[in-house]
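Trainee: This is the structure, below, for whatever I ask next.
The values are calculated or read from the model by the stated rules, or taken from the named source; none is laboratory data. No experiment lies behind these values; they were computed from the predicted model shown. Cβ: placed from backbone, ideal geometry, glycine included. Neighbour counts: every protein chain shown.
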Amino acid sequence: MAPPTQIKIVQFVAIAAILAFFMLLTRGSHVLTPFSLPDASPVIFLLGGIFLQRALWFIFFFMMATAIDFGAAAFNPYLGFCLTDGYWGMIPTYAVMWLGGRWLATRQDTFALLPYVLVTISTTFLAFVISTQTYYLFSGRFPNNGLHETLLHGWNYLPEYLGFSMMYFAMVWGGAHFVRQIRILWTMSV
């Protein structure tokens with residue numbers, strides 16, 4: 001049997017590989033798939049906060065997202081429309097998600113319905129506000145009339161951003177409870 005630290009390392013790598021696969025599969029460019037899946041990046045960062053926790057994993061996933069975005073723009077310049085100075089706003093955007101995951105990980109039941117729903121909705125909403133506002137303020141594509149003026153723009157994207165994220169979060173929650181039930185049945189049969 002492998003020592004506990006080796007098992008832990010294998011678990012982290014396996015989780016990171018699964019999250020990386022879903023980032024590649026869903027990231028905005030869809031270079032790797034013939035069909036377009038909604039972006040799961042906010043969900044991936046929150047799950048990274050839950051399961052991987054360390055800042056180095058956050059940096060890895062941010063660099064991966066950035067590489068996908070810039071790589072896609074190299075293939076199709078239209079996809080580079082959002083790659084402006086406002087792109088730096090993605091750091092606090094994804095950090096909010098990661099920290100929400102870190103907080104959930106401290107709970108006795110990470111996937112307890114009420115805290116899970118409250119954290120996923122609030123962090124996703126806050127991430128939307130940060131990413132939208134940093135884009136409108138710093139992209140150079142819009143007149144910079146200050147924060148008050150930029151707060152009037154971008155809200156038309158909120159239902160889609162929140163809706164697809166909540167769909168993924170519901171799938172994760174359902175999967176977590178399915179795994180929990182399988183474990184309970186397994187321990188009862190052993």
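Trainee: Under the condition of being among the hydroxyl-bearing types (Ser, Thr, Tyr) and closer than 18 Å to Phe128 by Cα, which residue from segment 35-89 is nearest to the chain's Cα centre (by Cα)?
Mentor: Ser41
Trainee: In segment 63-105, how many are among the polar types (S, T, N, Q) and loosely packed, with under 14 Cβ neighbours inside 10 Å?
Mentor: So the count comes out to 1.
Trainee: Also, I was wondering about something else. Identify the residue in segment 135-190 that is part of a helix (DSSP H, G or I) and touching an Asp or Glu at 6+ places or on another chain (Cβ under 8 Å) and, among all such residues, is modelled with the highest pLDDT.
Mentor: Residue satisfying both the conditions and the ranking: Phe164.
Trainee: Among the residues of segment 63-121, which ones are in a helix (DSSP H, G or I), among the hydroxyl-bearing types (Ser, Thr, Tyr) and closer than 19 Å to Tyr136 by Cβ?
Mentor: Within segment 63-121, Tyr87, Thr93, Tyr94 meet the criteria.
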